[in-house]
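The values are calculated or read from the model by the stated rules, or taken from the named source; none is laboratory data. Predicted, not measured: the structure shown is a model, and the values here were computed from it. Cβ placement follows ideal geometry from the backbone for every residue including glycine, while neighbour counts extend to all protein chains displayed.
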């Protein structure tokens, strides 16, 4: 169901309060649209989307076209703007490699070195940056952790990937359509399985089910 105010009511309610009334629908639309982004990227995209939706709503108010404002339409417009790299408070600079607009136009991306290429590589880069970790331990971790991930069932490997990239229990539960309690249980099982894997000379533990 799309939340909206009747046209007659819109004339009586201050326009900023009307936008607050629209916010739940706008946020739900954005959460679905940006569900595949990493946690911090998703949060940034959501904030930018809300600002862009507010700016679009304010422009309709200025033109006296408030009756044309619907939360779902504002949300779709704002999501499209975010995906195109546009920002509400920053001029688009297509010559700046750090600009999302430039990245969208040029078809390239700028990634953090400690999160490059997802999954195992994300953890390995962080480990390499730690000068306190002896080189032999780094080499052993590269081999063992990759082997441990490969022996997990596909679903559990995906959950492990989401957890180790900084997603909370509730976020992972939403992404894989399981309860938060089940994700907490799997987190403990994965930890125990990793401990057994490390202590096993044969490296052939039974995967977590």
field: Of residues in the range 146-158 being under 22 Å from residue 175 (Cβ atoms) and touching a helix residue (DSSP H, G or I) at 6+ places or on another chain (Cβ under 6 Å), the one modelled with the lowest pLDDT
entry: 149
- prompt: Considering only residues of the range 13-34 that are within 21 Å of residue 87 (Cβ to Cβ) and within 18 Å of the chain's Cα centre (by Cα), which is surrounded by the fewest Cβ atoms within 10 Å (Cβ to Cβ)?
  reply: 31
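Residues checked against (1) part of a loop (DSSP other than H, G, I, E, B); (2) closer than 22 Å to residue 175 by Cα; (3) modelled with pLDDT of 85 or more:
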position	(1), (2), (3)
2	yes, no, no
24	no, yes, yes
27	no, yes, yes
42	no, yes, yes
51	no, no, yes
56	no, no, yes
110	yes, no, no
task: Please go through the range 161-175 and pick out each residue that is surrounded by 14 or more Cβ atoms within 10 Å (Cβ to Cβ) and assigned to a helix (DSSP H, G or I).
output: 161, 162, 163, 164, 169, 171, 172, 173, 174, 175
- line: Within the range 29-40, residues in a helix (DSSP H, G or I) and modelled with pLDDT of 85 or more come out as 29, 30, 31, 32, 33
